[in-house]
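The values are calculated or read from the model by the stated rules, or taken from the named source; none is laboratory data. It should be emphasised that the depicted structure is a prediction, and the values quoted were computed from it without experimental measurement. With ideal geometry, Cβ positions are generated from the backbone for all residues, glycine too; neighbour counts draw on all protein chains shown. Only protein heavy atoms, including side chains, enter the accessible area calculation; ligands, DNA and RNA are left aside. Shrake-Rupley method; radii C 1.70, N 1.55, O 1.52, S 1.80 Å.
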Amino acid sequence: MRFERWGTALAVLGLLLPVAVRAETLLTVDATKPPPQLETGYLKMGQGVSPSGEAIGINNRYLTLNGRPWMPTMGEFHYSRFPADGWDEQLAKMKAAGIDIVASYIIWNHHEEVEGAFTWDADRDLRRFAELCARHGLKLMVRIGPWSHAEVRYGGIPDWVVDSMPTRGNDPQYLSFVDRFYRQISAQLNGLLWKDGGPVVGVQLENEYNLTGPGQGRDHIATLKRLALAAGFDVPLYTVTGWDQTVYPTGEVVPVFGGYPDEPWKASPDMLPPKETYAFRFDSRVSGNLGAQTVATRRGDADPDIPHTPFLGAEYGGGVPAMYRRRAVIDPPDIAAMLPVQIGSGVNLFGYYMFHGGRNPLGRTTLEENTAINGHNDTPIIGYDFQAPIGQYGDMRPVLRKVRPFHLFTAAYGDQVAPMVPHAPAVLPRGLDDLATPRWSVRSAGDAAFVFFSSHIRQYRMQAASDVRFAIDLPGGRVTFPSTPITIPPGSYFIWPVNMDLGGAHLAYATAQPVARILVAGVETHILQAEPGIPVELALTGAMGVRTAVGKVAQMDGASIVTGLEPGTGAVIDFVADGKPKRLLVLTQDQAENLTLLRRDGGDIAVITAADLFPIKAGLEMRSRGDNRFRFATLPAIGGDGAADGLFTAYERSVPAKPELAVTIEKLRDAGTAPPIRIGGPARAAMQPAPEMYGRSAAWRLSVPRDALQGVADSWLELDYQGDVGRLFSGVRLIDDHYFNGPVWRVALKRFKAEIRQPLTLTIMPLRADAPIYIQEEWKPKQDAGGQVATLKGARLVPEYKLVVEMGK
């Protein structure tokens, strides 16, 4: 199908404003090459069929669910780093965010800190966590180690193992304890594997394994798989991480991949060059330095295995860990822009590390990674927030809203995308530092395709793509769109359809991203998202009776061309396909980012709100920090008290406002002189202060009003400070800590309702002006050479309000 002449015809019809002829750039790609043949049987996986007949499968290109291509989204959440009484709510939030599979390390030293004394209760109750995943319709991937990394002490291997035997190899003594640990995990998950009707669909063995010495290498991974099988782990998927030259027995496990927006494990105190994570990939799946703790001595196995394995992800950064020597502040687009790039490169399972932050438990020792025990990195003793989409205290952050439309997209249309293969455009960037050449790709199968585009690179500004159109060569001919050239602003990232199946009709193209599909009063409704600064234009084929009240429709060569739409809840295009009424709805970017889909027995409900939102048994719950008014719109309506808002019904409700409360601040002592930053550790870089140096910290007493938590869901203590390391104490017990990186440090107090009955103590270790630490320029304290800073600029309380909206089933 050829659409090149539509622009001229539409201008003649008056549907487009006449413009002077100007030079344009055609962004072209040859997508005529057919996908490779499907290959099954190469990967030796476990039982993929549940007692109810649900089936998970895998081939060389994608996963399948009940025989259909399946493109799930996976998010990491460490149950042992979050209070057990909050798991149910947090899993509801992850489900509402579009997560399909929860991944979690089973961190050995969280469960067997003392030899033979296993702990599987309270915050370490793996069985209850798995049962809650099942209750929320979430699948579970268990990463059983035994070495995890996870920024944990000795990578999660208990001290008593590290002190007494070789690890991460086939030493018989080590393997005997690994076998016992695996059997303990299996006992906790007995009856909860997929084959039993449970949520556990996969097992990851080891992590970042590139060791090739005696008793190591591929044979060690094969040995771990044998131990896992002997322990009872018969699951649909066995995986290993595939980056940093990982070695593994091909055919026995599936490699999974990742990428991060920054590299806090690097030694450099400077801003990094443009990251490989923002570059489309057409050969290797390995995305730069992901921080493996060991150095490879040979080429890894992942790249040669590409013809036989699908491109699956496990560690695309939902943020970055706090590390002493590099303190990046990640903006929401830094994460969201990775999705079209990686999916456009062929990823068929987008997995986040982390999707939900947490905090390290305290044991007989502290359990964080640190250079004092020869760890590669220094990390906070307690805080493991990760700047994740859901923070360590359970707050749903702006980055979640940026990424959620992509989760909804893969849930709705992943069965179309997964079989498609990526194609490189005719003109590629010259390198990672090329900020002028457009970055994009096409995935296609037959004449159906999707265009993936991104001009966002963290900390760098790309040039606008001026006066461009896309020209996609498919087996049935070239599709060129839109009808007139557009300029794509810097910082844009999106997925646009070409010949997308709508069930009896096709979306021949659209300059708006498909987001979700919902059935409303029997009408199949496809929700799209407009891209700021780019006019919406779309073409429908096979559709009858195309009409819209907010744009113009023209017929051309059997297609209906829609232009002039103003995105919003009223930007509706109705049509008929296969005798059934159908609908397109084009939302603004802000509306789409605030869109949540709730799957309920009585029918799906789309909700647009800026508040945090998640389902509860009675209906839905919303949270708002600082604002007691809740504004939301639903499709369909959920009550008679709303006002029409296009296709949606809008509501406004409020809860009683809490009077402003003040934190009483009393300075206890001034800072002493901070010692010079030590250089050392495996990275030969800045090391955090020795424990005895923290006595030089400045200190303040913070008194929180006794009624801070009364009448609210939570109360947030915001600490605006400058320094090196902030620590918060109840008496002499550390309850949270933070490496200064610029933004306000936020601590939710509900978790510490007993502690705040007495004053808390905040200490701030001074930050030296000459510290070889990376802090972004916009966040660096202004200091004189040779000076230091340890300042508390302010502390305030922000109430978190809660609204419950009851709905029928």
| segment 146-226 shape via C-alpha gyration tensor axes, a/c threshold 1.5 | prolate
| note | Expressed in nanometres to one decimal, the distance between label points 7 Å along Cα→Cβ at residue 66 and residue 85 is 3.9 nm
| task | Determine the equivalent ellipsoid of segment 198-283 by diagonalising the alpha-carbon gyration tensor, then write out the semi-axes as square roots of 5 times the eigenvalues, largest first, rounded to whole Å. | result | 30, 17, 12
| Listed residue (304, 668, 781) projecting farthest to the positive dipole end of the chain, Cβ model | 668
| query | Can you give the FRET efficiency for residue 366 and residue 520, using 1/(1 + (r/R0)^6), R0 = 45 Å, r = Cβ-Cβ distance, to the nearest 0.05? | reply | 0.30
| task | Once every Cα of the chain carries one equal point scatterer and solvent is ignored, give the base-10 log of I(q)/I(0) from the Debye formula at q = 0.07, 0.09, 0.11 Å⁻¹, two decimals. | result | -0.54, -0.90, -1.34
| task | Determine which lysines satisfy two conditions relative to residue 580: a Cα distance under 27 Å, and not lying fewer than 8 residues away in the same chain. | result | 552, 809
| note | Answer in debye to the nearest 20: the dipole magnitude of the chain about its Cα centre, from +1 Lys/Arg and -1 Asp/Glu charges placed on Cβ, is 580 debye
| said: Per residue, how large is the accessible surface of the chain? Use a 1.4 angstrom probe and give square angstrom. | reply: 36 Å²
| message | Just to check I understand the Karplus step: with θ = phi - 60° and J = 6.51 cos²θ - 1.76 cosθ + 1.60, what whole-Hz values come out for segment 488-494, glycine and proline as x? | response | 9, x, x, x, 7, 7, 6
| query | Against the longest principal axis of the chain, how steep is helix 217-231, in degrees 0 to 90 to the nearest 10, with axes from Cα atoms? | reply | 90 degrees
| How many angstrom separate the Cα center of segment 622-691 from the Cα center of segment 54-98? | 26 Å
| Rg/Rh for segment 349-493, where both radii come from Cα atoms and Rh is the Kirkwood radius | 1.11
| said: If DNA, RNA and ligands are ignored and the probe is 1.4 Å, what is the ranking of 679, 735 by accessible area, most exposed first? | reply: 679, 735
| request: Taking a cut-off of 17 Å between Cα atoms, list the lysines near residue 782, but don't count ones fewer than 8 places away on the same chain. | output: 793
| field | Gain upon complete extension [residue 271, residue 122; 0.36 nm per residue less C-alpha separation] | value | 49.5 nm
| 19 Å reach of a label modelled at residue 230, 7 Å along Cα-to-Cβ, counting backbone N of segment 237-253 | 249, 252-253
| Can you work out the FRET efficiency for the pair residue 437 and residue 757, with r the C-beta to C-beta distance and R0 = 60 Å, to the nearest 0.05? | 0.50
| Quick one: if you stick a label point 7 Å off each Cα along the C-beta vector at residue 718 and residue 421, how many nm between them? | 5.2 nm
| segment 29-95, Rg to Rh (Cα coordinates; Rh as Kirkwood inverse mean 1/r) | 1.14
| request: Using Cα positions and a limit of under 15 Å, work out the aspartates and glutamates in reach of residue 225, with same-chain residues fewer than 8 apart set aside. | output: 179, 206, 234, 252
| task | Return the percentage of antiparallel bridges among DSSP beta bridges fully within the chain, rounded to the nearest 5 %. | result | 75 percent
| message | Please compute the length gained on full extension between residue 701 and residue 733, using 0.36 nm multiplied by the number of residues separating them and subtracting their Cα-Cα distance. | response | 10.1 nm
| note | With 0.36 nm assigned to each residue of separation and the Cα-Cα distance removed, residue 461 to residue 44 gains 145.6 nm
| note | Expressed as a percent, the accessible surface of the chain that is carbon or sulfur, using a 1.4 Å probe and the full set of protein chains, is 50 percent
| message | Which residues does the label zone of residue 115 cover in segment 173-210, counting backbone N under 12 Å from a point 7 Å along Cα→Cβ? | response | 173-174, 177
| field | Pairs of Cα atoms farther than 28 Å apart, segment 51-199, % | value | 26 percent
| message | Considering all alpha-carbon pairs of segment 750-809, what whole percent are spaced by more than 20 angstrom? | response | 56 percent
| How high is the FRET efficiency between residue 52 and residue 673 when r is their beta carbon distance and R₀ equals 51 Å, given to the nearest 0.05? | 0.15
| Across every pair of different alpha-carbon atoms, what Kirkwood hydrodynamic radius in Å does segment 672-794 reach? | 15.6 Å
| request: May I ask for the angle, rounded to the nearest 10°, between helix 398-417 and the longest principal axis of the chain, with both axes built from Cα atoms and the value confined to 0 to 90°? | output: 50 degrees
| Per the Kirkwood treatment, what hydrodynamic radius in Å, one decimal, follows for segment 493-622 from the mean inverse distance over all distinct Cα pairs? | 15.3 Å
| request: From the C-alpha gyration tensor of segment 140-276, pull out the three semi-axes of the equivalent ellipsoid (sqrt of 5λ each), sorted largest to smallest, in whole Å. | output: 27, 20, 15
| field | Rg to Rh quotient for segment 208-366, alpha carbon positions, Kirkwood Rh | value | 0.98
| query | Can you give the relative contact order of the chain as a percent, counting alpha carbon pairs under 8 Å and 6+ residues apart? | reply | 12 percent
| note | Projected convex hull area of segment 553-633, Cα atoms, direction-averaged, in nm², equals 7.8 nm²
| request: Take the alpha carbon atoms of segment 788-809, find their center, do the same for segment 112-180, and report the distance between the two centers in whole angstrom. | output: 34 Å
